[in-house]
Structure formats: structure tokens, C-alpha cells
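Single-structure report; data block below.
The values are calculated or read from the model by the stated rules, or taken from the named source; none is laboratory data. Predicted, not measured: the structure shown is a model, and the values here were computed from it. All Cβ positions, glycine included, derive from the backbone under ideal geometry; neighbour counts span all protein chains shown.
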Ligand SMILES: O=C(O)CCC(=O)C(=O)O
Ligand SMILES: [Fe+2]
């Protein structure tokens, strides 16, 4: 199933760009310093046990309290961990990794732009097993195709942990776009009625084109960059002993606008080459909303808005 993984170092400027353009992804070895990762994991181990910790889940798209496996891992991934303002130690440590100078250097190699804006970010402990998709469907730039996904390995990733995978070359094939989405609703809510069509189309596309899956059991500090048209996802966990601690960030050249949604007010981050959301009040309000919705859901019950877990669907091709 698995071809070998080419890894580059930051000095391989031409090769990094060439590999990204021809395969739709590139891995840079040991890009993120252990000290930054260790600080993040230390903060994470603290908040995980906090009685007040409620987060918005990326895998289920709803606010949750952490459900911890017997081995000690949170099951559902965290969306926007850098926005968890009530847990500043953790959210700052996340941001510190996301906006690392070496990361922005590689982003500039890939896009040619000196400055990038951070859009979405996610934190994974146990792999939730993510369905195959192209990020373009959820978020991209206008004109499309300029978003860059970044995946940061926060530990040595075991092949049985439920690896992140890419389908090399798939960025050059068909792009599955939104259809029948609700322009009245925002974010993922707009996609509820269309998501299943997209998921099935992607599976059909993979079968028709015979794209191969490349699992990425990367080492701590390795960082993967991928194109918004590259099909990717993650396998289910095969051995509950192994977590798959990782971060992802989605960036776009700061001179471009967001597709599908208004570009928010941005400010310079501690890395002058990366911009982040400016309006802190809105971020606080978003946090408070998560608590309100979480408590409301205790009474009314709520199914996942859009379920990203491959185990929830039968048709997945490569498990
Ligand atoms: O790590 C995963 O399971 C999926 C993450 C992903 O698809 C993304 O960040 O775009
Ligand atoms: Fe993705």
C-alpha cells in the first residue's frame, strides 16, 4: 500500500516547490523544534483534565467535553484550538507552533507570497479516522487553489495510530465543488445537505482514477504541506495504545480573499509574515457560544452536524 516518503530539508528550496507542484504535497523533515512541541503537549495534558474544558469538535462539528480513552487520549479532535481563550496556556502554545518562522518560510517557497493568513486550525490526539476529501470544498481562496494545508507531527507517528494520508497527484484531477449549499447558513451548517454527495463523489473519483493512498507515519517535528485539491484524510486507529498527536493549520497568501465567506479583520502575529484574526471580542463570544450550545445539547440532544469519521460510513475504500 505504501510507497516511500520523500522528506526534504528547508534548504531544498527548488525541490520543495517542485515536489509540491507535481505531487500535491511535500514533507519537510524536523521543521518544528521539540521545545515548542513539548510545551504544547504539557499544556494539553493540563487542560484535558479540567472540569471546565468544553471545545468545538472538528470530527463531529459540535461542542463537547473531552471523552478520554482508557489509554488517556481524547477521542474527538479539537477545531480552532488557537481560539480557546479561556485556556491561554494551551491556545498560545498552539499558536506558537502554528506560526513558527520555518513554517512561514516554507509557505513562502510554495506560494511566492511573503505573507500568509491563518484560517482554520485543528488538534488531534487519537485519530478520529477522517473521510477522504479535498479542502477546497470547505475552505479555499478566491481565485481558488491557493490555500495551503499544513500538518505538524507532534510525536513519532506509529503506522497503527490511524495515519494521515494523501493521494499523490490527485490535485491535478477533478475538483469536487459545493452544490446546493445554503447561502443563508454559515460555515459547516451550510454544507449539511450537500456533504454526503461530495463524500461519495470523492470515493468514486478515487476508484475511477486509481489514485494510491500514501500513509504518513512521520517523525516528531516533521511537517507536511498539501494543496487544497489534493485528496486526503486519515485512517482509523488500529491499536488503542497509539495516539496520533498532531496539529493542522490552513493558510492562504495574505493578498488573496477567502472563497465562500467574508475575509475577517486580520492583525500581525508575533511572526510578522503571518496574519491572524484581529477581533478578540468575537473570539471570546465564539467561546461562550460553545458553552451555551453544549449545555443546551444536554437537554435537547444533538446529532453531529457533519460527521467526519470514516467509521460512520460504509463505503470507504481503503480500510
Ligand atoms: O488529521 C485529520 O484527521 C484530518 C485533518 C484534515 O483533513 C485537515 O486538516 O484538512
Ligand atoms: Fe482536510
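Some points to look at:
- Single unsatisfied condition, residue 138 versus (1) more than 18 Å from the chain's Cα centre (by Cα); (2) free of Cβ contacts under 8 Å to residues at least 60 places away in the same chain: (1)
- So residue 152, is it within 13 Å of ligand 1 (Cβ to nearest atom), over 19 Å from residue 273 (Cβ atoms) and in contact (Cβ under 8 Å) with a residue 40 or more places away in the chain: no
- Residue 305 passes every criterion in (1) surrounded by 15 or more Cβ atoms within 10 Å (Cβ to Cβ); (2) under 25 Å from residue 95 (Cα atoms) apart from (2).
- Taking helices (runs of 4 or more DSSP H) as the structural unit, those lying wholly within the range 4-107 and holding at least 3 residues that are touching a helix residue (DSSP H, G or I) at 6+ places or on another chain (Cβ under 8 Å) and closer than 28 Å to residue 236 by Cα correspond to 34-47, 88-98.
- Checklist (1) under 22 Å from the mean Cα position of the chain (by Cα); (2) farther than 23 Å from residue 62 by Cα; (3) at pLDDT below 95 applied to residue 242, failing item: (3)
- Residue in the range 177-185 that is touching a residue at least 60 places away in the same chain (Cβ under 8 Å), within 17 Å of the chain's Cα centre (by Cα) and within 16 Å of ligand 2 (Cβ to nearest atom) present: no
- Residues of the range 22-33 that are on the phi < 0 side of the Ramachandran plot and within 20 Å of the chain's Cα centre (by Cα): 23, 25, 26, 27, 28, 29, 31, 32, 33.
- When every residue of the range 124-136 is checked against the conditions, at least one turns out to be within 26 Å of residue 270 (Cβ to Cβ), touching a strand residue (DSSP E or B) at 6+ places or on another chain (Cβ under 7 Å) and within 14 Å of ligand 2 (Cβ to nearest atom).
- Every residue from the range 232-244 that is more than 10 Å from ligand 1 (Cβ to nearest atom) and buried (at least 23 other Cβ atoms within 10 Å of the Cβ): 237
- Of everything listed in (1) within 16 Å of ligand 2 (Cβ to nearest atom); (2) out of contact with any strand residue (DSSP E or B) (no Cβ under 6 Å at 6 or more places or on another chain); (3) outside any loop (DSSP other than H, G, I, E, B), the single unmet condition for residue 160 is (1).
- Of 289, 267, all but one fail to be modelled with pLDDT of 95 or more, in a strand (DSSP E or B) and surrounded by fewer than 15 Cβ atoms within 10 Å (Cβ to Cβ); the exception is 267.
- Within the range 207-239, the set of residues being within 16 Å of ligand 2 (Cβ to nearest atom) and farther than 23 Å from residue 75 by Cα comprises 211, 213, 214, 225, 226, 227, 228, 229, 230, 231.
- Residue check for residue 203: buried (at least 16 other Cβ atoms within 10 Å of the Cβ) and touching a helix residue (DSSP H, G or I) at 6+ places or on another chain (Cβ under 8 Å): no
- Residue in the range 124-147 that is surrounded by fewer than 22 Cβ atoms within 10 Å (Cβ to Cβ), within 16 Å of ligand 1 (Cβ to nearest atom), part of a strand (DSSP E or B) and at pLDDT 95 or above present: yes
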